[in-house]
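Colleague: One structure is given below, represented as structure tokens, and several questions about it will come after.
The values are calculated or read from the model by the stated rules, or taken from the named source; none is laboratory data. Computed from a predicted structure; not experimentally measured. Every residue, glycine as well, gets a Cβ built from its backbone with ideal geometry; the counts of neighbours run over all protein chains shown.
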Amino acid sequence: MNIIKKFIKKSIKGFNLYKKCCRSINLKKRLKNASPSIKDLVNNGFLILKWEDVFNESHKESELYKEMKNEAQKLNFTNTASYGSLKTNYLAKKYAQFESIKDGGLLKFCYSNEIASLIYQFFNSSYQIMSLDYWRTRAALDDKQRIASQNWHTDPEDALMLKIFVYFHKVSEKNGSTEIIKGTQVGGNNCFRKFPFKNLTGGYVKKSIIDRYENKNLISRLNADEASILFINTTALHRGGYGIEERLTANLSFASLMCEYVPRHIST
Ligand SMILES: [Fe+2]
């Protein structure tokens with residue numbers, strides 16, 4: 001009986017892997033219908049826009065920006081310590097477990113016509129919200145080791161996903177700007193995974209893989225001014241949040257309708 005159970009389990013695992021490998025991300029269609037900036041995002045894996053470019057108003061005049069920044073500034077490490085993961089050591093999240101953002105600036109931003117239409121263009125389809133957060137990243141001491149997502153990795157949720165960061169101050173190497181390797185996302189020209197595993201994503205990678213890209217100058221550091229809006233396909237190799245000063249951002253995460261992960265506002 002045990003042998004049969006083991007066989008069935010193995011077969012299901014194999015079938016799921018096969019399904020993931022065969023999964024389409026509709027690259028051609030998405031590129032065909034995209035504006036030049038979204039095309040850049042699809043091809044490179046990231047895009048940096050200014051608040052002004054997206055919302056057609058200065059962030060200094062924007063009520064929405066002020067509301068979001070205000071909400072973000074209330075976030076502190078004591079309130080989110082219950083999040084209970086390795087990340088707690090360096091990252092405070094608005095979205096602690098069992099806490100859901102149901103109103104406020106973050107939700108208005110997410111559902112604004114300006115942002116929602118850009119996300120829709122990227123997916124070329126409807127999409128789902130995985131999480132809406134504010135993040136406060138703790139300053140790392142010089143001698144401190146990188147932990148969790150401060151190391152090079154790809155995100156596991158879906159082969160087609162998008163994260164949006166809003167910077168509430170200037171972000172540079174000092175406060176841990178995200179680094180990303182251009183074109184390494186699923187469907188990208190520089191993806192390190194080879195056929196038939198090209199559509200897989202998730203997990204940490206060895207230094208030898210990163211070394212290959214270092215020589216080709218493909219690593220970009222996402223430094224930007226206050227009120228920049230960053231669009232990142234986190235199936236690309238990336239790492240972040242390691243700096244000697246704190247960083248305060250909004251962090252919104254989206255995936256395709258095929259994503260099998262449960263969005264974080266649903267407790268199971
Ligand atoms: Fe990540």
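Colleague: How many residues does the range 160-186 contain that are at positive phi and modelled with pLDDT under 95?
Modeller: Residues in the range 160-186 being at positive phi and modelled with pLDDT under 95: 1 in total.
Colleague: Another question about this same structure. Filter the range 21-36 for residues that are of a type outside the set (A, V, I, L, M, F, W, C), surrounded by 15 or more Cβ atoms within 10 Å (Cβ to Cβ) and assigned to a helix (DSSP H, G or I) and give the result.
Modeller: The one that is of a type outside the set (A, V, I, L, M, F, W, C), surrounded by 15 or more Cβ atoms within 10 Å (Cβ to Cβ) and assigned to a helix (DSSP H, G or I): 30.
Colleague: Can you tell me which of 170, 144 is surrounded by fewer than 23 Cβ atoms within 10 Å (Cβ to Cβ) and either touching a residue at least 40 places away in the same chain (Cβ under 8 Å) or within 16 Å of the ligand (Cβ to nearest atom) (or both)?
Modeller: Going through 170, 144 in turn, just one is surrounded by fewer than 23 Cβ atoms within 10 Å (Cβ to Cβ) and either touching a residue at least 40 places away in the same chain (Cβ under 8 Å) or within 16 Å of the ligand (Cβ to nearest atom) (or both): 170.
Colleague: Also, quick follow-up: Filter the range 118-154 down to residues that are in a loop (DSSP other than H, G, I, E, B) and within 28 Å of residue 191 (Cα to Cα), then give me how many there are.
Modeller: 8
Colleague: If I go through the range 177-197 residue by residue, how many of them are assigned to a loop (DSSP other than H, G, I, E, B) and touching a Gly at 6+ places or on another chain (Cβ under 8 Å)?
Modeller: Result for the range 177-197: 10.
Colleague: Let me ask something else about it. Which condition number in (1) within 14 Å of residue 23 (Cβ to Cβ); (2) surrounded by 22 or more Cβ atoms within 10 Å (Cβ to Cβ); (3) within 16 Å of the ligand (Cβ to nearest atom) is the one that residue 184 fails?
Modeller: (1)
Colleague: Could you grab me the full set of residues in the range 37-87 that are part of a loop (DSSP other than H, G, I, E, B), over 18 Å from the mean Cα position of the chain (by Cα) and at pLDDT 95 or above?
Modeller: Across the range 37-87, the qualifying residues are 56, 57, 58, 59, 60, 61, 62.
Colleague: Now a separate question. Considering the range 216-261 alone, what residues qualify as being assigned to a loop (DSSP other than H, G, I, E, B), surrounded by fewer than 22 Cβ atoms within 10 Å (Cβ to Cβ), more than 15 Å from the ligand (Cβ to nearest atom) and of a type in the set (A, V, I, L, M)?
Modeller: Those that are assigned to a loop (DSSP other than H, G, I, E, B), surrounded by fewer than 22 Cβ atoms within 10 Å (Cβ to Cβ), more than 15 Å from the ligand (Cβ to nearest atom) and of a type in the set (A, V, I, L, M): 218, 244, 257, 258.
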